[in-house]
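Right, one structure below, let's go through it.
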Amino acid sequence: MKLVLLGPPGAGKGTQAVRLAEHFGVPHISTGDILRRQVAEKTDLGKKAERYVRAGKLVPDDVVIEMVRKRLKQKDAQKGFILDGFPRTREQAEALDKMVKADRALLLFLDPEDLIKRSTGRRVCENCESVYHLLTNPPKEPGFCDRCGGKLIVREDDREETVRHRIQVYDEQTKPLISFYKEKGILVQVYGSGLIDEVFERAMDALTGAKR
Ligand code: ADP
Ligand code: ADP
Ligand code: ZN
């Protein structure tokens, strides 16, 4: 399965990507996770990306495209992948299409006010990047990761104003990719509301039902 996940910030892409990756036995590749790690480790790439990530702006296409090109060359990605957060622009989508053809693009959509609630309540493990929500998906022990015991933190770009800006960036730059993938005949659309398990079932139905 070579799957691209599309959808606004907070729609639940990362959460579903983890489950889909496990189901299909392919790696979950999140460009946001890779970039945040590079920023934390203060690598050259991280230094280039930091101000964009912090402000909720897109990191320049050339930087992200090269990063994904390298990642997709790794051995574990040869059998497939769940790409989460890439592509985000037409240029990225065209570059990806030249590297490898996706089997499906899955759009997760949600109402704008729900997106804000999801993002502002999000907590992430500073150690393993597992994602929780203060109200809807809390860890067993408040403040700590179920998987590794790491400390849960608030992403700097999950402040409400920055989330609103990220949604606007999505509307302007990423939404046009819906028609890009529709034209290729590989788009499936899934409503992201409801329990995490319900959304997963919906996604699986959409992916298997739409198989040619
Ligand atoms: P979300 O899951 O809420 O949509 P991500 O973790 O995917 O957020 O991305 C966080 C930030 O990382 C983005 O706001 C942007 O600054 C940067 N980023 C991630 N993926 C890309 C990409 N494909 N192109 C440009 N910037 C990106
Ligand atoms: P994205 O990667 O699209 O930005 P995430 O997967 O990080 O979205 O989810 C955003 C927030 O919403 C997280 O705090 C996550 O725990 C929570 N969440 C994800 N899916 C659901 C759901 N179906 N119901 C309630 N909360 C959810
Ligand atoms: Zn953890």
Are any of the residues in the stretch 57-70 closer than 23 Å to I178 by Cβ, more than 8 Å from ligand 1 (Cβ to nearest atom) and out of contact with any Pro (no Cβ under 8 Å at 6 or more places or on another chain)?
-> yes
Do we have any residue at all in the stretch 130-137 that's within 13 Å of ligand 1 (Cβ to nearest atom) and either without any contact (Cβ under 8 Å) to a residue 24 or more places away in the chain or of a type in the set (A, V, I, L, M) (or both)?
-> yes
Give the stretch 90-125 a look and list any residue that's out of contact with any strand residue (DSSP E or B) (no Cβ under 8 Å at 6 or more places or on another chain), away from ligand 2 (no atom under 16 Å from the Cβ), in contact (Cβ under 8 Å) with a residue 12 or more places away in the chain and over 17 Å from S179 (Cβ atoms), or say none.
-> A95, M99
Considering each of A55, A17 in turn, give the residue that is under 30 Å from T208 (Cβ atoms) and modelled with pLDDT of 95 or more.
-> A17
Being of a type outside the set (A, V, I, L, M), part of a helix (DSSP H, G or I) and more than 11 Å from ligand 1 (Cβ to nearest atom) is the filter here, so list the residues in the stretch 105-127 that pass it.
-> P112, E113, D114, K117, T120
Could you please let me know if R166 is within 16 Å of the chain's Cα centre (by Cα) and within 16 Å of ligand 3 (Cβ to nearest atom)?
-> no
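I want to confirm something. Restricting to the stretch 16-61 and keeping residues that are hydroxyl-bearing (S, T, Y) and in contact (Cβ under 8 Å) with a residue 24 or more places away in the chain, which single residue is nearest to ligand 3 (Cβ to nearest atom)?
Our first condition is that a residue be hydroxyl-bearing (S, T, Y); within the stretch 16-61, this holds for 30-31, 43, 52.
Restricting the remaining residues to those that are in contact (Cβ under 8 Å) with a residue 24 or more places away in the chain gives 30-31.
Values: S30: 15, T31: 20 Å.
Only one residue fits best here, namely S30.
One line per residue, one yes/no per condition, for (1) of a type in the set (A, V, I, L, M); (2) more than 18 Å from V163 (Cβ to Cβ):
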{"residue": "L3", "(1), (2)": "yes, yes"}
{"residue": "P9", "(1), (2)": "no, no"}
{"residue": "E22", "(1), (2)": "no, yes"}
{"residue": "P27", "(1), (2)": "no, yes"}
{"residue": "D33", "(1), (2)": "no, no"}
{"residue": "R37", "(1), (2)": "no, yes"}
{"residue": "E41", "(1), (2)": "no, yes"}
{"residue": "V53", "(1), (2)": "yes, no"}
{"residue": "I65", "(1), (2)": "yes, yes"}
Subset of the stretch 97-140, residues within 16 Å of ligand 3 (Cβ to nearest atom) and of a type in the set (D, E), comes to E126, E129
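The values are calculated or read from the model by the stated rules, or taken from the named source; none is laboratory data. Just so it is clear, the structure is predicted and the values come from calculations on it, not from any experiment. Glycine also receives a Cβ, built like all others from the backbone with ideal geometry; neighbour counts cover every protein chain displayed.
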